[in-house]
Structure formats: structure tokens, C-alpha cells
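K.L.:
Quick one: this structure, given as C-alpha cells, is what I'll be asking you about.
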Amino acid sequence: MLLPIANVLDSAKLAEAQEMLALLTWRDGAETAGKTAREVKRNLQADLSTRSGAKLKTLLNSAVQQHPTVKAAAQPRQFSKLLLSKTETGGGYGLHVDNSYMPTGNSEIRTDLSFTLFLSPPDAYEGGELEIQHAGQAFSIKLAAGDLILYPSTNLHQVKPVQSGTRLVCVGWIESRVKRSEDRELLYELSTLKAALAQQYPAQSPEMLKLSRIQGNLKRRFS
Ligand code: NI
């Protein structure tokens, strides 16, 4: 499932993030790529160990990790460290699959889901679409600033060359409690159904209790 999620950063948080972005220092993104990805990665990555970097990291982490749709669709167990990526004219990131493991704190996570949170508006750059190969098709994705796309880390994807302007995004990875993408999708559908039915049925009704039991037991079975 490729899931776009709107307004992960509201306009106030986005403005705050963009202010801090201007204060960051950047280095060659190839330093953090895997062996094969290194050859196709042409971008810059922010140093998040500075004071503004750390502040921005906290803001972005809490916006992504607390988002109810991210929680429902990803069933997160752990999040990786975030990367902030800047791609300028001529830059891009050729077709690749993300590393199977990514660092978090002193350890690493298995990457089940990848996300890209767009930080610059689509009219700030030409090209630079995130193209994800999914179910035999290529999906081209360029979202509004503050919006996020969530997709399985198992998919090949690329960032098309930026023809002009600057593309700023935040990327990260999630280890899910539910390893299989199909199982996560079922749980997500069930959670949206539950939210819809909650408009009609009281929380303590037999229908809602039964649905909660099914949902809880599927989570146990899938994890
Ligand atoms: Ni990637």
C-alpha cells in the first residue's frame, strides 16, 4: 500500500521547520548510502547534531510518530533515525531498494516501511518526483509541503533528477509489529472501518466490542 497522509506538519509547524532548515549544515549524502545505492545517490544530508538540527529532529519525530494514520497503517514498533535530504539541480537518487536495516539510537531496526515527508512546496523545484514501483506500475509522487507518503521498504524506488530549484524532504524508516505488508493493510482497513462504525454504534455496544475483539486478536496473530 502506498499511503499519502496530508498535513503531518500543520502550517505553524511547517513554518517552524523551514526556519530551522535554513540554519542547518549539509554534507554529501553518498556517505550514508549502502554499497550499491552509493553510486546512484546524488544529494546532500543535514547534520542533525547541531542545536537547530536537534530541535528540528524533535519536531519532525513527534509529528510523524504521533500521527494517528501513521500509527494505524504502520503499526510501528520502532522508528529509525531521520534523514534530511536536500537535492539541487542535477541531483537525484537512481533506482534502488533501501537497506534492510537502519540505525536507531545504539541499535538498528528492520525496515518494513519507508516514508518521505515533503518539506518544500512542489512549485519550489522541477522534477524530483519520488517514483515508486508497486504492483507492476510506477507511481510518481510529489506532495505538498507537510504531507507524507508511506510505502513498503521492499519496493524499488527512485528520486527523479531535479531540473531546477531545491527539493527538501525528511525520510525515515519504521519497523512494524506486523512484518507482512498484506497483514498491515488488513489491520489498517479494519481500523478505518472501526472509526466509521464508531459514528453509528456506542463504544460499549455488542457490535463495537466484537469488532475490537477481532482487531485485537488479529494483531496478536499477525505480530
Ligand atoms: Ni530510498
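The values are calculated or read from the model by the stated rules, or taken from the named source; none is laboratory data. Note that the coordinates shown come from a computational prediction; the quantities given were computed from them, not determined experimentally. Here Cβ is always computed from backbone atoms with ideal geometry, including for glycine, and neighbour counts include all displayed protein chains. Each accessible area value is taken on the protein alone, full model and side chains, heavy atoms only, with ligands, DNA and RNA left out. Shrake-Rupley method; radii C 1.70, N 1.55, O 1.52, S 1.80 Å.
K.L.:
If you go through segment 158-170, how many residues are within 13 Å of the ligand (Cβ to nearest atom) and surrounded by fewer than 16 Cβ atoms within 10 Å (Cβ to Cβ)?
P.N.:
The total comes to 0.
K.L.:
While we're here: If I ask for residues that are in contact with a helix residue (DSSP H, G or I) (Cβ under 9 Å, 6 or more places away or on another chain) and within 17 Å of E185 (Cα to Cα), which ones from segment 140-159 would you list?
P.N.:
Residues satisfying the conditions are L150, P152, T154.
K.L.:
Still on this structure: Tell me, please, whether a residue that is under 18 Å from Y151 (Cβ atoms), free of Cβ contacts under 8 Å to residues at least 40 places away in the same chain, surrounded by 13 or more Cβ atoms within 10 Å (Cβ to Cβ) and among the charged types (D, E, K, R) can be found in segment 174-191.
P.N.:
Checked segment 174-191: at least one residue is under 18 Å from Y151 (Cβ atoms), free of Cβ contacts under 8 Å to residues at least 40 places away in the same chain, surrounded by 13 or more Cβ atoms within 10 Å (Cβ to Cβ) and among the charged types (D, E, K, R).
K.L.:
Now a separate question. What are the pairs with Cβ atoms under 6 angstrom where one residue, in segment 92-107, is of a type in the set (D, E) and the other, located anywhere, is at pLDDT 95 or above? Sequence gap at least six, or different chains.
P.N.:
D98/T111; D98/S114; D98/S153
K.L.:
Which one is farthest from E126 (Cα to Cα), of the residues in segment 40-70 that are in contact with a helix residue (DSSP H, G or I) (Cβ under 8 Å, 6 or more places away or on another chain) and among the charged types (D, E, K, R)?
P.N.:
K55
K.L.:
When you go through S52, S114, S85 one by one, which is the residue that is farther than 16 Å from Q18 by Cα and either not aliphatic (A, V, I, L, M) or not in a strand (DSSP E or B) (or both)?
P.N.:
From the options S52, S114, S85, the qualifying one is S114.
K.L.:
Of everything in segment 104-141 that's in contact with a Leu (Cβ under 7 Å, 6 or more places away or on another chain) and open to solvent by 60 Å² or more (accessible area, probe 1.4 Å), which residue is nearest to T166 (Cα to Cα)?
P.N.:
So the residue we want is F139.
K.L.:
Now, a different point. Kindly indicate which of Q65, Q78 is touching a strand residue (DSSP E or B) at 6+ places or on another chain (Cβ under 7 Å) and surrounded by fewer than 16 Cβ atoms within 10 Å (Cβ to Cβ).
P.N.:
Q65
K.L.:
Can you tell me which residue among T87, T58, T25, T50 is buried (at least 17 other Cβ atoms within 10 Å of the Cβ) and among the hydroxyl-bearing types (S, T, Y)?
P.N.:
T87
Quick grid of which residues meet (1) over 30 Å from M20 (Cβ atoms); (2) away from the ligand (no atom under 16 Å from the Cβ):
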residue: D123; (1), (2): no, yes
residue: G127; (1), (2): no, yes
residue: I132; (1), (2): no, no
residue: S140; (1), (2): no, no
residue: A145; (1), (2): no, yes
residue: L156; (1), (2): yes, no
residue: K179; (1), (2): yes, yes
residue: E189; (1), (2): yes, yes
residue: S212; (1), (2): yes, yes
